[in-house]
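Encoded as structure tokens, the structure appears first; notes follow it.
The values are calculated or read from the model by the stated rules, or taken from the named source; none is laboratory data. Quantities reported herein were computed from a predicted structural model and do not represent experimental measurements. Cβ: placed from backbone, ideal geometry, glycine included. Neighbour counts: every protein chain shown. In case anyone asks, the SASA skips ligands and DNA or RNA and just uses the protein heavy atoms, side chains included. Shrake-Rupley method; radii C 1.70, N 1.55, O 1.52, S 1.80 Å.
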Amino acid sequence: MRHWLHRFSPALAALLAGLLGLVALIPQPAAAPAAPTADYVLLVGVAGLRWDDINAADTPAMWQMAQGGAIGALSVRSARRITCAGDGWLTLGSGNFAVYTPGAVTPVCPDLAVPITEGQSGASLPDQGDLVARNRALHWGAQPGALAEGVRCATAIGPGAALAAARPYGRIDVYSETLDDSLLSACALTLVDLGEIAGDDPVSRAADARRADAALASILAARPPRSVVVLAGLSDLDSTSRLHVAIAQGPGYTGGWLTSPSTSRPGYVQVVDLAPTALAALDRPVPGKLFAGGAASATNSGRPADVTAAVSRLADADREATVQRRVGTNFFTTLVVVELLLFVLCVPLLRRARRPPGPLTHRPVPRPIVRAAEVLLIAASLAVPAALVADLLPWWRWTRPGLGFGGVTLGVLFVATFLIAYATRRSRAIAPLGGVAAIAALAVAFDVLTGSRLQLNGVAGYSTVGGGRYAGVGVIGLGLLVTGALLGGAALAQRFERRWRPFVVSVIGAVGMVVIGSPYLGADASGAVALTAGVCIAAAMAVGGWLTVTRLLWAGGAALFVMAGFAVLDLFRPEEQRSSVGRLLVRTQDGTAGFIARRIGEANVVTTVTSPLTVLVLGALVYTTFVLIRDWGGARRLLSVFPPVRGAVSGLVVAGLLAGVIEGVSFNVLGAAVATALPLVVLSCLRVLDHADDRSQPAPRVPEAELTS
């Protein structure tokens, strides 16, 4: 029986991990389809409009809309890194990430210049053919004019609105360069361009906001009955990416937060959500294959009754998201430099850690120095979780947010390091490794279970300005969860008999898969698939041995099993609830998967070049090759004495690389895992080497006289 378990435990562990991982596939119930709510939709755009531009004194019309309608923070992501006014308007008309502004990305957007040929019964864009060809060649396959094609008639007022209202062949049904109240009911869909609010000068911005508010007041006064009015700050106007204004007022939008299937977060919508929102309100079919977003709806979940408090919360979210990107870059750059220096400083400690029997060939390193190195390694491993916890305090509101974040993070780091160092000072070699990894994963899991509030716009989370993710687990959080599930599971499995270790690792890993992949929690199907492969490798190696071709095939088979489960069940879900795996399957069926593959490939290249975590991963590879796996490095002995740790490290590398490639984030997932795991591995190597040559002390010799007495 024992031989049978030893032989087939890798297969059984892989099957168990795959089956338990399928729990994460339970879909959310489909939302009831919304009934048609409006006869008219008016989309009003003000490029650059932010929530800190709106107040009761300067913009009373906008304030009234915010008070009586549904509000949210608008991410203006387009196909350009900097979304200029033309890019925002064209993205609105395409319902997909589009590009209009030609040339290289510059710090300040050029003035919007749209060539328009006016006629007696409308107008046309002579350059529309070139725009259509350019955007169809993008990875997203945006089609300018998709919104206009969804209605029988569309009115455009202003040059930006002309971009959004033009049909694919360039025709604009009804066009006026200036605001004309009589045109608001000419078509079921009307788009109005109220200009721009640019710069950082408060006086200039206030004057532009008052001008746009006066025009909006005229529109609200002349709006046709049963109409929905949507006000949107459609774009940035310089390289400082921000969150902007989104307000919907009318039937179906009488209060609460705006949300959409593309964000799954109350209070957040994207520009690509506006086109499906307009068509859904008019009871028109929404072309899901052309649109990247989903129809926005109103939810009363958590919105303050006081409009001042609600607007302040959205302005605060914009402030946090803006600061987070700069502070996050500085934090991870500093972390990479500090960890690499710390690893170099540990080289002489590793070389002199082993105490050979007999006469000493070198002076041992003083214990206080070794203990100080252990504390520093624990602190380095806790840096990323401490950065996550630091968002419990609103450091971004302080005068010096960077210093504020640093101070809070250091405070959290000091407390956590003291507790871990004290609790594991006399424990076994892998106790810090398993304990810190488990704590890091539990911190992320707790955040996911409570709504991912710490990751939202957090330094160790994701930015809503970038538009990549708004809820669930982010890239850094995924790295911490993978580390905790594998290393924490390995440390726990080491306490069990050899035959039970694969099952312990599989169960712990399956819990991680559920947290990562469930649409109720992490909502990251590709991350769950990657963790499945890592768990299967870790479980297969937990009983001993190394990573063989057979074990790798079992791990790959289990990952494919879970991926197939996600993809098949995704086909039965509503389109807006499908995971990335399901969307890839649909794209494969309709022949457009090449766009996704190209986009992921380019994203991997860009992230590899720009992310500081790439340097950490490459540095870890060099350090492991030339230090840890040397005879004096300790890694060989550590992995030999603790087989579950050997499997966990192998699984961590496989899962991190696989998740990075699938999600287009290159080494970032593995980098977050390495930032937490490698300091713990070095610490464990120091402890293993310190006890490598321990010998049982002989019993004291008893004098012969005492024996005979």
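Any chance you could count how many residues in region 231-256 are open to solvent by less than 10 Å² (accessible area, probe 1.4 Å) and assigned to a strand (DSSP E or B)?
Qualifying residue count, region 231-256: 8.
Residues in region 451-474: is at least one at pLDDT 90 or above, assigned to a helix (DSSP H, G or I) and open to solvent by 10 Å² or more (accessible area, probe 1.4 Å)?
no
Restricting attention to region 192-212, does a residue exist that is of a type in the set (Lys, Arg) and in contact with a helix residue (DSSP H, G or I) (Cβ under 7 Å, 6 or more places away or on another chain)?
Within region 192-212 (the criterion being of a type in the set (Lys, Arg) and in contact with a helix residue (DSSP H, G or I) (Cβ under 7 Å, 6 or more places away or on another chain)), the answer is yes, since at least one residue qualifies.
Kindly list the number of the only condition in (1) over 14 Å from Val76 (Cβ atoms); (2) more than 29 Å from the chain's Cα centre (by Cα) that fails for Ala248.
That leaves (2) as the condition not met.
Pairs under 6 Å by beta carbon, first residue over 23 Å from Gly489 (Cα atoms) in region 651-667, partner of a type in the set (Ser, Thr, Tyr) and open to solvent by 20 Å² or more (accessible area, probe 1.4 Å), six or more apart or different chains?
Val665/Thr607; Ser666/Thr607; Ser666/Thr608
Can you tell me which residues in region 183-199 are part of a loop (DSSP other than H, G, I, E, B) and either closer than 26 Å to Arg50 by Cβ or among the aliphatic types (A, V, I, L, M) (or both)?
Leu184, Ala186, Ala188, Ile197, Ala198, Gly199, listed by residue number.
Of everything in region 502-528, what is open to solvent by 30 Å² or more (accessible area, probe 1.4 Å) and under 21 Å from Val543 (Cα atoms)? Give them in sequence order.
Selection gives Phe503, Val507, Ile508, Val511.
Quick grid of which residues meet (1) open to solvent by less than 10 Å² (accessible area, probe 1.4 Å); (2) closer than 26 Å to Arg354 by Cα:
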| site | (1), (2) |
| --- | --- |
| Leu638 | yes, yes |
| Phe642 | no, yes |
| Val645 | yes, yes |
| Ala648 | yes, yes |
| Val654 | no, no |
| Ala659 | yes, no |
| Phe667 | no, no |
| Ala673 | yes, no |
| Thr676 | yes, yes |
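Need the failing condition index for Arg171 against (1) touching a helix residue (DSSP H, G or I) at 6+ places or on another chain (Cβ under 8 Å); (2) open to solvent by 60 Å² or more (accessible area, probe 1.4 Å), just the number.
Tallying (1) touching a helix residue (DSSP H, G or I) at 6+ places or on another chain (Cβ under 8 Å); (2) open to solvent by 60 Å² or more (accessible area, probe 1.4 Å), Arg171 fails exactly one: (1).
What is the residue count in region 121-179 for residues that are more than 24 Å from Leu237 (Cα to Cα), of a type in the set (A, V, I, L, M) and in contact (Cβ under 8 Å) with a residue 24 or more places away in the chain?
Total meeting the criteria: 7.
Scanning for something more than 26 Å from Tyr100 (Cα to Cα), surrounded by fewer than 18 Cβ atoms within 10 Å (Cβ to Cβ) and at pLDDT below 95, does region 189-201 turn up at least one residue?
yes
What residue, of Ala429, Ala383, is open to solvent by less than 20 Å² (accessible area, probe 1.4 Å) and over 16 Å from Gly477 (Cβ atoms)?
The unique qualifying residue is Ala429.
Could you give me the residue pairs with C-beta distances under 9 Å whose first residue belongs to region 601-626 and is closer than 18 Å to Leu341 by Cα, whose second residue is of a type in the set (S, T, N, Q) and at pLDDT 95 or above wherever it lies, and which are 6+ apart or on separate chains?
Pro612/Thr333; Pro612/Thr334; Val615/Thr333
What are the residues in region 475-501 that are open to solvent by 10 Å² or more (accessible area, probe 1.4 Å) and in contact with a Ser or Thr (Cβ under 8 Å, 6 or more places away or on another chain), if any?
Arg499
Of the residues that sit in region 53-107 and are outside any loop (DSSP other than H, G, I, E, B), open to solvent by less than 10 Å² (accessible area, probe 1.4 Å) and of a type in the set (S, T, N, Q), which one is nearest to Val132 (Cα to Cα)?
Ser94
Kindly list, by first and then second residue, each pair from a residue in region 407-420 that is open to solvent by less than 40 Å² (accessible area, probe 1.4 Å) and assigned to a helix (DSSP H, G or I) to a residue that is at pLDDT 95 or above and of a type in the set (Lys, Arg), limited to pairs with Cβ atoms under 8 Å and residues at least 6 apart or on different chains.
Close Cβ pairs satisfying both conditions: none exist.
Hey, among Val327, Val311, Val347, which residue is closer than 30 Å to Ala61 by Cβ, open to solvent by less than 70 Å² (accessible area, probe 1.4 Å) and not hydroxyl-bearing (Ser, Thr, Tyr)?
Among Val327, Val311, Val347, only Val311 is closer than 30 Å to Ala61 by Cβ, open to solvent by less than 70 Å² (accessible area, probe 1.4 Å) and not hydroxyl-bearing (Ser, Thr, Tyr).
Would you check which residues across region 298-308 are surrounded by 17 or more Cβ atoms within 10 Å (Cβ to Cβ) and in a helix (DSSP H, G or I) and list them?
Answer for region 298-308, where residues must be surrounded by 17 or more Cβ atoms within 10 Å (Cβ to Cβ) and in a helix (DSSP H, G or I): just Val307.
Count, please, the residues in region 281-292 that happen to be assigned to a helix (DSSP H, G or I) and surrounded by fewer than 24 Cβ atoms within 10 Å (Cβ to Cβ).
Total satisfying the criteria: 0.
Which fully enclosed helices (runs of 4 or more DSSP H) of region 108-182 have 1 or more residues being over 24 Å from Ser218 (Cβ atoms)?
128-136, 146-149
Which helices (runs of 4 or more DSSP H) sit wholly inside region 605-698 and have at least 2 residues that are modelled with pLDDT under 95 and within 30 Å of Arg499 (Cα to Cα)?
635-641, 643-663, 668-690
If only one of Ala353, Ala373, Ala295 is in contact (Cβ under 8 Å) with a residue 40 or more places away in the chain, in contact with a Cys (Cβ under 9 Å, 6 or more places away or on another chain) and either open to solvent by 40 Å² or more (accessible area, probe 1.4 Å) or outside any helix (DSSP H, G or I) (or both), which one is it?
On inspection, the qualifying residue turns out to be Ala353.
Given the conditions (1) in contact with a strand residue (DSSP E or B) (Cβ under 6 Å, 6 or more places away or on another chain); (2) open to solvent by less than 10 Å² (accessible area, probe 1.4 Å), which single one is not true for Arg50?
(2)
Within the set of pairs 6+ apart or on separate chains, which have a first residue in region 324-349 that is under 29 Å from Asp631 (Cβ atoms) and modelled with pLDDT under 95, a second that is open to solvent by 20 Å² or more (accessible area, probe 1.4 Å) and among the β-branched types (Val, Ile, Thr), and C-beta atoms under 7 Å apart?
As it stands, the answer is Leu349/Val365; Leu349/Val370, since those pairs meet every condition given.
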